[in-house]
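These notes are about the structure you will find just below.
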Amino acid sequence: MITKYPSVLLIYTGGTIGMIENPETGALENFNFDQLLKHVPELKKFNYRISSYQFDPPIDSSDMEPQAWAKLVKIINYNYDNFDGFVILHGTDTMAYTASALSFMLENLSKPVILTGSQLPIGVLRTDGKENLITAIEIAAAKINGKPIVPEVCIFFENHLMRGNRTTKINAENFNAFRSYNYPPLARVGIHIKYEPSRIRKLHEEKPFIPHYLFDTNVVILTLFPGMQEGVISSILRSPELKAVILKTFGSGNAPQKEWFIRELKEANERGLIIVNVTQCSSGAVEMERYGTGLQLLQAGVISGYDSTVESALTKLMFLLGHGYSNKEIRYLMNTSIVGEISRDL
């Protein structure tokens, strides 16, 4: 479908941004996005065709699951040829998980998919929701010489456009709720939107867009801490359905040199369990060869997660497991940048 004006599809999944105060009860309630222009009249100034799709019922981001990610992919796939870009309105708590998951599910994406939300409801006077929504729409529709400027999955929040699979939530109450520690912003927003073309993934129009829907959620995040007990760790690693572990280690990928711990990891690896090492630090990367405490993990069969976020490593594992890749293939792909999620093979 070819239109004269830029076109954007808004997809409201739920979350704070889509709420207004009920004048009778004072309670916050989700509003109908068919009435979007009533609540955000500034959108009328856009010379765009803006349509909306609303999850019914809306989902609190704490309840976001892979089934909802698959639903988003189906919506985008069904409308892919009808819109120049997509804006997903989402609760902030799990937005980074959804953005990471979609980056793997939307193979050969050639259009912007921008996730945004707010810390205050859009019906509140000081809301950050209006600015986030308006700018996300502008970015989703932005083109140069007829080509989309940002053909990838991103999060826009408080003046920064960030690669979705590099982003994590860092603040529960400030407007700058998200940060991309290990990859610089794709754009900064002030009076103008200043894009950074060298940081944005290149458009490959010759490759067909391929939607994916499969996930295997038999994974766990295991955070190391001083005083952890053998029985607890053993019971987790020996869970019958478990297929993969995100191991959150200290510093640059270090772990205690307890004999039982290394033995448990080695035996888990021999049973076919995939273990990926990511750092507990907000920024920086895993370097298991740097210290002996990290090298022992490498020798036990643990895979480096490099500078991946926890959200990205987790959803990438779920995605690869869901698509039936072999253990050897998954180990290789976890060490490979598929869509710019790690600073390796870019």
Residue 273 long-range amide H proximity, modeled H, under 5 Å: none
DSSP-defined antiparallel bridges as percent of all bridges, the chain, nearest 5: 40
Overall form of segment 7-211 per C-alpha gyration tensor (a/c, 1.5; a/b vs b/c): rounded
Distant-in-sequence amide H partners of residue 157 (H built 1.01 Å from N, under 5 Å): 162
DSSP beta bridge pairing in segment 219-306, given as percent antiparallel to the nearest 5: 5
For segment 329-344, 3J(HN,Hα) per residue [Karplus equation, 6.51 cos²θ - 1.76 cosθ + 1.60, θ = phi - 60°, Hz, x = Gly/Pro]: 5, 5, 4, 5, 5, 5, 9, 10, 7, 7, 9, x, 7, 9, 8, 7
Sequence-distant residues sharing a close amide H with residue 201 (under 5 Å, placed H): none
Dipole of segment 196-268 [Lys/Arg +1, Asp/Glu -1 at C-beta], most positive-end residue of 256, 242, 217: 256
Degrees between helix 95-105 axis and first principal axis of the chain (Cα, 0 to 90, nearest 10): 80
Helix-only mean residue ellipticity at 222 nm for the chain, each DSSP H run of n ≥ 4 adding -39500 (n - 2.57), per residue, nearest 500: -7500 deg cm²/dmol
Check: segment 173-267 dipole with +1 on Lys, Arg Cβ and -1 on Asp, Glu Cβ, in debye: 380
In order through segment 297-314: 3J(HN,Hα) via Karplus (6.51 cos²θ - 1.76 cosθ + 1.60), integer Hz, x for Gly, Pro: 5, 4, 5, 7, x, 6, 8, 6, x, 6, 9, 5, 6, 4, 4, 5, 4, 5
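Every read-out reported here was derived from the displayed coordinates using simple, explicitly stated rules and does not represent laboratory data. Nothing here was measured: the structure is a model prediction, and the numbers come from that model. Cβ sites come from the backbone with ideal geometry, for glycine too, and all protein chains shown count toward neighbours.
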